[in-house]
Ligand SMILES: [Fe+2]
């Protein structure tokens, strides 16, 4: 779309540069506004209740990397603007005195990077592509060579966290514009909610798969929710900052003709990485980010940054 001389460069997101054959790509259609859907992905504290609300610390091995999300379900936050969009670090003091960090990003115009994996090897991104105002196509891209999300690691009893079914089942495709990548669990069947599992506190939400739990929460707010009713709290800092940043970018494009971040300088995206790491208790999180980035395993060795 638009004039040829303003065609943006290809995004230099690491996950978009995964060599052919090493990328895993999935699609899911979500029936709500793209930003509403995306915001669920940059709200990290919901993990400890929506997804793991029925799990207790003693269900995890002491060194299980997800254990802290249920020992302390209300992390503290740092949030910042970045060259590529916005970034947060959700932090918790561990019993051994170290600080655990969950770092995640919003990358212009519609990408998120989630924190549920080791920062050093985590390569993944999600695109929240608007189909129209009230439908979004989510594209989940990950690197097959990355060890994968901690959420796949079993509990002490050798089983997965209840409510962490590994796959999404889809309805058959139709030739309608909205006829593809529609999960079987959906609004019309209450996302196949299992009230018994919920009643017995086996699955907090009663919904058997993490992505569908998010889907249920963001879709059931309505196609476009009325934000006037919101009472934003500490854990909404990332969402508030991201909304401001997106609005500011839209206004400067409209009023000053200025391109949003990453259009004329796509190389800034190469530095966007999410995941978990530990620091000493009072270490600066941005400095720790830079240090970890230097040691990160990359999908290609010849990085866009090394070109100068
Ligand atoms: Fe979630």
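Nothing in this text is a laboratory measurement; each read-out follows from the coordinates by a stated rule. This structure is a prediction, so every number in the text was calculated from the model and none was measured. Counting neighbours? That spans all protein chains shown, and the Cβs are built from the backbone with ideal geometry, glycine included.
What is the distance, in nm, between label points placed 7 Å from the Cα along the Cα-to-Cβ direction at residue 98 and at residue 220? So the two model labels end up 3.8 nm from each other. Where q = 0.14, 0.21, 0.22 Å⁻¹, what log10 of I(q)/I(0) comes from the Debye formula for the range 196-308, counting one point per Cα? Treating every Cα as an identical point scatterer, log10 I(q)/I(0) equals -1.06, -1.20, -1.21.
Summary of the geometry: the range 269-304 and the range 62-81, compared by the centres of their Cα atoms, lie 18 Å apart. Kirkwood's formula applied to the C-alpha pairs of the range 164-209 gives a hydrodynamic radius of 11.8 angstrom.
Divided by 2.2 N^0.38 Å, where N counts the residues, the Cα radius of gyration of the range 13-112 comes to 1.27. Where in the range 24-48 does the label zone of residue 129 land, with the point 7 angstrom along Cα→C-beta and an amide N cut-off under 15 Å? Residues passing the 15 Å test: 25-30, 34.
Remark: relative contact order (the range 9-291) = 31 percent; criterion is Cα-Cα distance under 8 angstrom and separation of 6 or more residues.
I'd like the distance between the alpha-carbon centres of the range 184-238 and the range 34-52, rounded to an integer number of Å. Using only Cα atoms to place each centre, the spacing works out to 9 Å. Working note: Cα gyration tensor of the range 43-164, eigenvalues times five, square-rooted, sorted largest first, giving semi-axes of 26, 18, 14 Å. Using the empirical formula 2.2 N^0.38 Å as the baseline, the Cα radius of gyration of the range 130-228 reaches a ratio of 1.24. Our helix-only sum for the chain, with -39,500 (n - 2.57) per DSSP H run of n ≥ 4 divided by its residues, gives a mean residue ellipticity at 222 nm of -5500 deg cm²/dmol. Taken over the chain, the alpha-carbon convex hull comes to 161 cubic angstrom per residue.
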